[in-house]
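Below you'll find the structure, written out as structure tokens, and then a few comments.
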Ligand SMILES: O=C1N[C@]2(CO1)C[C@H](C(=O)N1CCC(COc3ccc(F)cc3Cl)CC1)C2
């Protein structure tokens, strides 16, 4: 029975959390979580970090590729996103996203002790993944980033707009900066349609307060890069209008990782895992090959 006076917890879509896989974060919020299990015996763990306004169920295709490699794949909807609690696309401090990821990683490491742990982050999820790896530098066997948020888009974050956003944050934090243009997400019209019609995607405007948290994230990422040393596989499209490709070049030039690869896709837009078929199939192939190399290797760099 529920304790006196408290209604059962339901998701923003009205589903009882008792019927959803979830965990409770440090603020007592229900975080919707997803698990994709391999048929064979698990070889490694992969945590997928979704981006701003979207949700973890958009990563089913990628998760299937990974379970075929005998990865246990897991993810969750960040607070204020998808089927998790919290005001839509709102966060008091960007670090809350990182804190919740670390809590989930610790839960899974207890369930699968000793398995190598990887993370794959897209866009804002890339910034969360970089900051998580910065906090737990020895926990990861590798990091995969698909058009990560490292530098803000130069148009949306000119020094005047950054200054204006920080000032506005004090007086009108809920003012809308406008919503993400679905046509910038991908050149693949089917994927744009899927994004636009997905009820779990937030299509409202981005609040000034959330934009300021994203700016906080990019400056924290910039400070973390010089001591980032996890093996890295990085992807970016040359026509990405949501996260500047320069950020991936800055990352490649700044990090200490011995193993680092950047794959650039000419003419591609932002969500490379949901781009034109030839792009997305190549991205998935590269991910498979890179992970096999990481796992198959005896760990010595001078493989013969
Ligand atoms: O498949 C996908 N990909 C998605 C959606 O669906 C794209 C979205 C995602 O995470 N970003 C795209 C937008 C970008 C805006 O950035 C800012 C805006 C105002 C500001 F003041 C400072 C910044 Cl940095 C952040 C990163 C996830």
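Table for the structure above
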{"item": "Tabulated pairs, the stretch 83-104, first within 18 Å of residue 119 (Cα to Cα), second in a loop (DSSP other than H, G, I, E, B), C-beta under 6 angstrom, 6+ apart or interchain", "result": "97/78; 100/25"}
{"item": "Test: residue 139 is closer than 15 Å to residue 220 by Cβ, part of a loop (DSSP other than H, G, I, E, B) and more than 11 Å from the ligand (Cβ to nearest atom)", "result": "no"}
{"item": "Index of the failed condition, residue 38 passing every other in (1) within 16 Å of the ligand (Cβ to nearest atom); (2) surrounded by 13 or more Cβ atoms within 10 Å (Cβ to Cβ)", "result": "(1)"}
{"item": "Output for the stretch 58-85, where each listed residue is away from the ligand (no atom under 16 Å from the Cβ) and outside any loop (DSSP other than H, G, I, E, B)", "result": "64, 65, 66, 67, 71, 72, 73, 74"}
{"item": "Residue 154 in a loop (DSSP other than H, G, I, E, B), touching a strand residue (DSSP E or B) at 6+ places or on another chain (Cβ under 8 Å), at negative phi and within 13 Å of the ligand (Cβ to nearest atom)", "result": "no"}
{"item": "Residue 200 vs. criteria more than 14 Å from the ligand (Cβ to nearest atom) and under 25 Å from residue 275 (Cβ atoms)", "result": "no"}
{"item": "Residue within the stretch 45-57 that is assigned to a helix (DSSP H, G or I), touching a strand residue (DSSP E or B) at 6+ places or on another chain (Cβ under 6 Å) and away from the ligand (no atom under 16 Å from the Cβ) present", "result": "no"}
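Read the figures in this text as sums done on the coordinates, not as results from a lab. Keep in mind the model is a prediction, meaning the values are calculated, not measured. As a convention, Cβ positions derive from the backbone with ideal geometry for all residues, glycine included, and neighbour counts pool all protein chains shown.
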